[in-house]
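The values are calculated or read from the model by the stated rules, or taken from the named source; none is laboratory data. These numbers come from a predicted model, not from an experiment. Here Cβ is always computed from backbone atoms with ideal geometry, including for glycine, and neighbour counts include all displayed protein chains. With ligands, DNA and RNA removed, areas are computed over all heavy atoms of the protein, side chains included. Shrake-Rupley method; radii C 1.70, N 1.55, O 1.52, S 1.80 Å.
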Amino acid sequence: MNTNILLESGTNELELLEFQVGDGNYGINISKVVEILINQKVTPVPNSPDEVEGVFIPRDKLISVIDLHKVIQVSHTPTEKEMFIICEFNSMNVAFHVTNVKGIQRISWSDISDPPAVSNGDNSRAAGLSTGVAKINGKIIIVLDFEKIVSTLNKDAGLDTHGLETLVRPNEVIGNKRIVVADDSKFLNKMITDALGDTGYHNIVSFSNGEDAWKYVSGFRNKGDDITSHISCIISDIEMPKMDGHRFTKLVKDDPVLRKIPVLLFSSLINAQMIEKGKSVGADAQFSKPQIKDLIAYLTNILSD
């Protein structure tokens, strides 16, 4: 899909694909989108969740279709003009059935705020599945937590914790090293911190966006001694409201004091293009979700030196 996607790294900008589910306006980072198709005929899969319409095979690739109308629980009258947004993330392909696709909006992550803790009305279900809310041209656009949506329907789509027990380090020195985690998905944020805790890391400070994480990290700049004695490592998602992971990494690595802190990017968007972007802002290593074992093995290796 030719999206004219942003090439410069660390600008804190993104291109958001705006679409409708029923009468509501929603968004997804265009980096996740492979293509957009008119509603296709699908084959139902026995014993699958109600939200999963079935599967279809465009260009010899089997893709599951998730009906966002059922996920968000909004009623609608199906039409032949509804759309499939085909996405690739977390090393898998999936199509999301939506009412309509509106277009691409180029905005700053700072224009996206954290979702409200409590939401009433027709969008309350969507609020519980969102990672952020943006106001664009007078419209409220909810950025959905697609990783949570897919993982709820398919437990194997969450973090791959297979073999994690082999990495357990019941070591007081390792356990006390402070790790900063930034991930906007409450679902994945908890899974990451739980996985770290299960392998011996107990001094974890987590944030739902890069801006709050940056404020916390930069607060240690003037402590006067080795910065890594205060913060041993940063683990950051890439797409987050207020400040994305690339911008967060760039700010850390451009700072003469903070740059000694290892920054590990952990994202569902890791691909060849994103790896180059991560390198350009100074990331020490990059890992693709759901491979948490690889990240923790690397983390333990660098902190054991």
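Filtered by the rule that a residue be in a loop (DSSP other than H, G, I, E, B), open to solvent by less than 40 Å² (accessible area, probe 1.4 Å) and out of contact with any Pro (no Cβ under 9 Å at 6 or more places or on another chain), region 231-264 gives Ile231, Asp237, Ile238, Glu239, Met240, Met243, Asp244, Asp255, Ile261, Pro262. For region 159-201, a tally of residues being of a type outside the set (Ser, Thr, Tyr) and part of a loop (DSSP other than H, G, I, E, B) returns 13.
Number of residues in region 99-113 that are open to solvent by 50 Å² or more (accessible area, probe 1.4 Å), over 9 Å from Ala134 (Cα atoms) and not polar (S, T, N, Q) equals 3.
If only residues of region 38-67 that are exposed (fewer than 13 other Cβ atoms within 10 Å of the Cβ) and of a type in the set (A, V, I, L, M, F, W, C) are counted, the one that is nearest to Gly132 (Cα to Cα) is Ile38.
With respect to the stated conditions, Asp284 fails to be of a type in the set (Asp, Glu), surrounded by fewer than 20 Cβ atoms within 10 Å (Cβ to Cβ) and within 28 Å of Pro116 (Cβ to Cβ).
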